Structures are given as structure tokens and as C-alpha cells.
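Have a look at the structure below, then the notes.
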Amino acid sequence: MEAVAEEKNTEIVGINRQTFRQRMMSYRKSPLSLLLLVLVSLSAFLTVMALFFLLFYILVHGIPYLTPDLFAWEYNSENVSMMPAIVNTIVMTCLSLLVAVPLGIFAAIYLVEYARRGNRLVQIVRVTAETLTGIPSIVYGLFGFLLFAVTLGWSYTIIGGALTLAIMILPVIMRTTEEALKAVPDSYREGSFGLGAGRLRTVFVIVLPSAVPGILAGIILGIGRIVGETAALMYTAGTVAGIPSNLFGSGRTLAVHMYVLTNEGLYTNQSYATAVVLLIVVVMINAVSGFIAKKVAAK
């Protein structure tokens, strides 16, 4: 057995050497390919190093200041607790997704499954969604302020901030869901139709489950934007450091809480600790979403 294993390892090493020699010969014939390889490798290395430096910097400056006082239920000027901001962040995320996810998925289903191919309305909707994706968040904040706070008279409220964020992430979820539905092979649909299933059953039983990983990718992007948003929420949800009694009360999220602490200049260390918690929350959300996507894809 050992002799056979050694022979296999020798064959693998020989194949790897031969492949390496072939690549080097191709690079000698085309120096531009070698230059592009070096540039791509250098870009990847710099990106990874920048990411690790950012994580290292936040963790080093924030972990030493993670004290029990920062997780007190009520906020005051002595403990500078982030617990109300954590609760508000969870509530804001759930409300925004509750509005944006169904609308985005159903809109994508209509554009891909029901609208006619080459429809001008579909093209206009797609261009509009791509345009809205690139609009700065401060514009959404001003829109939400004028609509919910001024026109409807809600002032600074959690529900106003959640609806503003839902409008902001709606184009992202819709476009990613649309691309995920397009990636599902037409043979799936044809097989379902051939077995006598209607279009509605085909969409919800065959197409949507196959597109779940792509849909979850869009939802993850939306969650990341919600959790890290500050400008839009300062105009709509406010900066009150507490848990509101209802959805029409004002409150701040973790990102806004960190911004306010840094802006005041008195609690810089606590703002670094808040950044650590915010980083952990984002990583946990991405890990859970990725785990669910893998489970669904496996099924």
C-alpha cells in the first residue's frame, strides 16, 4: 500500500511540474500574460492585506474596552451602553427586510417569469433599479425625512427609518433575485410544464428553491447595508440613545451610535468597542446566511 501511495504521489508531482513548465513556456511566449498575472496576484495580495490590517486595527483598539457597562440595558453618560443600539439595529433590520424582501422577490419573479421577453417596461424598470442602486444614502435619507417626517408628520421614528432603508435596499434585492432566477436552466421549467404543473407552481416549487443561494446573496448585501447605514437613519430614525416604546419612537442603531460617540470626541475608546461588536454582528449574519444557502443548495 505504501509503495502504491508513493507512486501516486510521484505521478502527481510529475504532473504538477509538467503543468508548471507548460505555463512558464506560455508566459515566455506572451510576456503580457505574465505581467497581467503579476498585477492580478499583487492586487489580490494588497486587498487581503488591507482587510486583515483593518480587522487587526479594529480588534486591537476595541477589545480592551469591551466592558460589562457597555452592555447595560439602559444608556447613560457614564456607561455609554450600546445595548439599546443593538436592539434597535435588530428591529430596524427585521422591519426593513420584512418590507423589501417580498417586494423585491415578487418584482423579480414578474420581470423574469411573467413579463414578455423584450418588453420595454421591463428594460425601464431594470435601468431604474440599477440607477437607484448607485444613489448615495444621504439622498434616501432626505427623501425619507421629507416623506415620513415632514409630509406624514411622523418626525423621527423607527418605522420611518426602516421604510427608508427598505426603499434603499429594494433595488439590490430585486436585481440579485432577477439574476438568480435567470441562472435557473429553462429545462427545469420545461420539465415542470411537461408534468402538468402550472406556472405558479413551477415558480414556487421548482424555480425559487433553485435560486435561493443567489437570492440570499442579495439579502446578505441588503443586511450589510442596513447594519452599516448612518446618514439615512440620522434624518429619519434620529439619534436618541434608548429603546423606543413603539415603532413611532426615535432610536439609534449601532452604526449611528458609533458615529455619535466618535463625533462627540469623549468616548473614542467606546466607539472602537462598538465597532468590534458591529463587526461581529455582520460576520455572524453572513455566516448564518451562508450556512442556510449551502443547506438549501444541497437539498
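The values are calculated or read from the model by the stated rules, or taken from the named source; none is laboratory data. Predicted model only: the values in this text are computed from it and were never measured. Because the Cβ atoms are built from the backbone with ideal geometry, glycine has one as well, and the counts that use them run over all protein chains shown. We work out accessible area using only protein heavy atoms, side chains counted, and drop any ligands, DNA or RNA first. Shrake-Rupley method; radii C 1.70, N 1.55, O 1.52, S 1.80 Å.
Here are some notes:
- Neighbours by Cβ (under 9 Å, 6+ apart or cross-chain): first from the range 244-259, touching a residue at least 12 places away in the same chain (Cβ under 8 Å); second of a type in the set (Phe, Trp, Tyr): Phe248/Trp154; Gly249/Tyr156; Ser250/Tyr156; Gly251/Tyr156; Arg252/Tyr259; His257/Tyr75; Met258/Tyr272
- Boolean, Tyr188 is open to solvent by 20 Å² or more (accessible area, probe 1.4 Å), among the hydroxyl-bearing types (Ser, Thr, Tyr) and modelled with pLDDT of 85 or more: no
- Members of the range 191-213 that are in a helix (DSSP H, G or I), open to solvent by 30 Å² or more (accessible area, probe 1.4 Å) and not aromatic (Phe, Trp, Tyr): Gly191, Gly194, Arg199, Leu200, Arg201, Val205, Ile206, Pro209, Ser210, Val212, Pro213
- When Leu266, Leu233, Leu247 are checked against the criterion of being out of contact with any Cys (no Cβ under 7 Å at 6 or more places or on another chain), buried (at least 23 other Cβ atoms within 10 Å of the Cβ) and not polar (S, T, N, Q), a single residue qualifies: Leu233.
- Qualifying residue in the range 100-109 (condition: open to solvent by 80 Å² or more (accessible area, probe 1.4 Å) and either free of Cβ contacts under 8 Å to residues at least 60 places away in the same chain or over 30 Å from Phe204 (Cα atoms) (or both)): yes
- Residue check, Val281 of a type outside the set (S, T, N, Q), at pLDDT below 85 and either under 25 Å from the mean Cα position of the chain (by Cα) or closer than 28 Å to Ala72 by Cβ (or both): yes
- Of the criteria (1) assigned to a helix (DSSP H, G or I); (2) crowded, with 16+ Cβ neighbours inside 10 Å; (3) without any contact (Cβ under 8 Å) to a residue 12 or more places away in the chain, which one Thr89 fails: (3)
- Taking each residue of the range 40-56 that is under 17 Å from Leu279 (Cα atoms) and looking for partners that are open to solvent by less than 90 Å² (accessible area, probe 1.4 Å) with beta-carbon atoms closer than 8 Å, six or more apart or interchain, yields Leu55/Leu279.
- Residue-level check: of (1) over 27 Å from the mean Cα position of the chain (by Cα); (2) within 30 Å of Pro244 (Cα to Cα), Met168 misses just (1).
- Hits in the range 139-158 (condition: over 22 Å from Met174 (Cβ atoms) and touching a residue at least 60 places away in the same chain (Cβ under 8 Å)): Leu142, Phe145, Ala149, Trp154, Ser155, Tyr156, Thr157, Ile158
- Note on the range 158-171: residues that are surrounded by fewer than 23 Cβ atoms within 10 Å (Cβ to Cβ) and among the β-branched types (Val, Ile, Thr) total 2.
- Among residues of the range 113-136 that are surrounded by fewer than 11 Cβ atoms within 10 Å (Cβ to Cβ), those with a beta-carbon under 9 Å from a residue that is part of a loop (DSSP other than H, G, I, E, B) at least six positions away or on a different chain give the pairs Leu121/Ala115.
- Considered as a group, the residues in the range 64-85 that are open to solvent by less than 30 Å² (accessible area, probe 1.4 Å) and either among the acidic types (Asp, Glu) or touching a residue at least 12 places away in the same chain (Cβ under 8 Å) (or both) include one that is farthest from Ala241 (Cα to Cα), and that residue is Leu70.
- Within the range 142-163, the set of residues being in a helix (DSSP H, G or I) and under 10 Å from Gly238 (Cβ atoms) comprises Ala149, Ile158, Gly160, Gly161.
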